[in-house]
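Nothing in this text is a laboratory measurement; each read-out follows from the coordinates by a stated rule. Bear in mind that the values here come from a model prediction, so they are computed numbers and not experimental data. Note that we place each Cβ from the backbone using ideal geometry, even for glycine, and neighbour counts take in every protein chain shown.
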Amino acid sequence: MSNLREKLFHFTHISNLLRIAQTGLSSDNRVRAESGLKTDIGQHSIKDARRRRRVPVGPGGVVADYVPFYFAPRSPMLGSIYTGGVTSFNGGQDEIVYLVTSVDRVVESRADLVFTDRNAALNHARFSVDPTTLDQFIDWPLMDGRMWNNTPDKPDRMERRMAEFLVHRHLPWGVLLGVATQTDAQRRHVEDLLSRVGKPTTVLARPGWYFP
């Protein structure tokens with residue numbers, strides 16, 4: 001998981017990890033229907049917007065019908081958690097784990113996919129289903145940088161840093177490359193959790209993927 005280019009990052013609370021390991025990653029709408037989320041770290045107003053935002057390509061539906069991945073760690077959403085901007089969650093970053101895969105692995109799994117050039121909930125986001133056009137959608141230098149704040153000459157850097165790779169409805173656990181944690185203590189904890197359910201996988205501590 002060292003080369004970040006075309007890696008994909010989904011983060012969740014560690015309390016959700018065992019269920020995900022056993023059943024795979026599901027969309028927000030599917031998780032809600034199954035009452036399967038143990039700890040919700042999402043901003044409710046944003047989730048509501050994603051349940052209304054139509055997807056104009058691919059399988060269609062709404063954004064909440066898809067499992068979301070970012071193209072880089074240290075996303076604005078994680079930044080909101082770090083600064084206490086997510087009112088429904090009072091925990092710390094050490095409780096958050098990354099689930100990591102890659103564009104190639106998702107394509108090879110034959111999952112239905114869609115990607116955007118910025119936050120998918122925005123009305124002006126562009127959508128595509130063709131991975132060969134990724135370079136026309138994704139600002140890779142922005143993804144490679146640690147900072148994504150808006151600037152006077154580039155006032156949309158934050159929303160473009162939140163470009164999304166969306167997998168329709170469900171992604172099996174086996175498509176993931178591994179799990180990342182903030183600390184070594186959490187890495188050992190995750191390794192123990194996954195061994196209990198017979199899902200050993202690569203688990204790495206990546207403190208640089210977190211704030212500050």
Original post:
What are the residues in region 33-42 that are in contact (Cβ under 8 Å) with a residue 24 or more places away in the chain and over 14 Å from the mean Cα position of the chain (by Cα), if any?
Top reply: Lys38, Thr39
**OP:** Please enumerate the residues belonging to region 163-189 that are closer than 27 Å to Ala33 by Cα and part of a helix (DSSP H, G or I).
**Re:** Trp173, Gly174, Val175
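Every residue, every condition in (1) under 24 Å from His124 (Cα atoms); (2) over 14 Å from the mean Cα position of the chain (by Cα), yes or no:
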residue	(1), (2)
Asp139	yes, yes
Met143	yes, no
Arg157	yes, yes
Glu164	yes, no
Gln182	no, yes
Val197	no, yes
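Restricting the search to region 144-162, which residues are part of a helix (DSSP H, G or I) and within 28 Å of Arg52 (Cβ to Cβ)?
Quick first cut of region 144-162, residues part of a helix (DSSP H, G or I) only: 144, 157-161.
Answer for region 144-162, where residues must be part of a helix (DSSP H, G or I) and within 28 Å of Arg52 (Cβ to Cβ): Arg157, Met158, Glu159, Arg160, Arg161.
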Original post:
Has region 73-93 got at least one residue that is in contact with an Asp or Glu (Cβ under 9 Å, 6 or more places away or on another chain), of a type outside the set (S, T, N, Q) and without any contact (Cβ under 8 Å) to a residue 24 or more places away in the chain?
Top reply: no
